[in-house]
């Protein structure tokens, strides 16, 4: 599994948690494709984490597989504020590193996602429910260090 992974990218950003999720997404300057219900369901971490990690598998994978990789790497999926902060600070980042995070709805357990990418010279962000298909091999998954797991030296 690890041999198949490509490099990991780290970004340090200031995360503005004082605005609404909609305001934060607009601040990225991207065209918005939003399911507003899903935007309101996005988990919010209370701490001011600023170090965001991006990993790319290099092969198609399901949400369950990706979740296992997060755990293996001792990361948890970045939330919408954290991944948006990276894409606001560096608007071209997703042009070359399409990036995504995911989470489960509390009530239904259905997977949701937030994806930042460029297509047809348009920078956009999509926030919606996931379909049953796998993530393509080119996505970079955003994560933060889990508080309850110490970092090994």
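Just so you know, all these numbers are worked out from the coordinates, no wet-lab data involved. In this text, all values refer to a predicted model and were calculated from it rather than measured experimentally. Counting neighbours? That spans all protein chains shown, and the Cβs are built from the backbone with ideal geometry, glycine included.
In the stretch 3-40, of all residues being without any contact (Cβ under 8 Å) to a residue 12 or more places away in the chain and either part of a loop (DSSP other than H, G, I, E, B) or touching a strand residue (DSSP E or B) at 6+ places or on another chain (Cβ under 8 Å) (or both), the one that is surrounded by the most Cβ atoms within 10 Å (Cβ to Cβ) corresponds to 26.
Restricting attention to the stretch 72-92, the residues that are surrounded by 20 or more Cβ atoms within 10 Å (Cβ to Cβ), farther than 16 Å from residue 24 by Cβ and over 11 Å from the mean Cα position of the chain (by Cα) add up to 1.
Among all residues of the stretch 41-53, there is at least one that is part of a helix (DSSP H, G or I) and either touching a residue at least 12 places away in the same chain (Cβ under 8 Å) or within 26 Å of residue 16 (Cα to Cα) (or both). So, in the stretch 105-116, exactly how many residues are more than 11 Å from the chain's Cα centre (by Cα) and either within 17 Å of residue 82 (Cα to Cα) or not in a strand (DSSP E or B) (or both)? Selection size over the stretch 105-116: 6. Restricting the stretch 54-64 to residues that are over 15 Å from residue 7 (Cα atoms), over 14 Å from the mean Cα position of the chain (by Cα) and in contact (Cβ under 8 Å) with a residue 60 or more places away in the chain, the residue that is surrounded by the most Cβ atoms within 10 Å (Cβ to Cβ) is 61.
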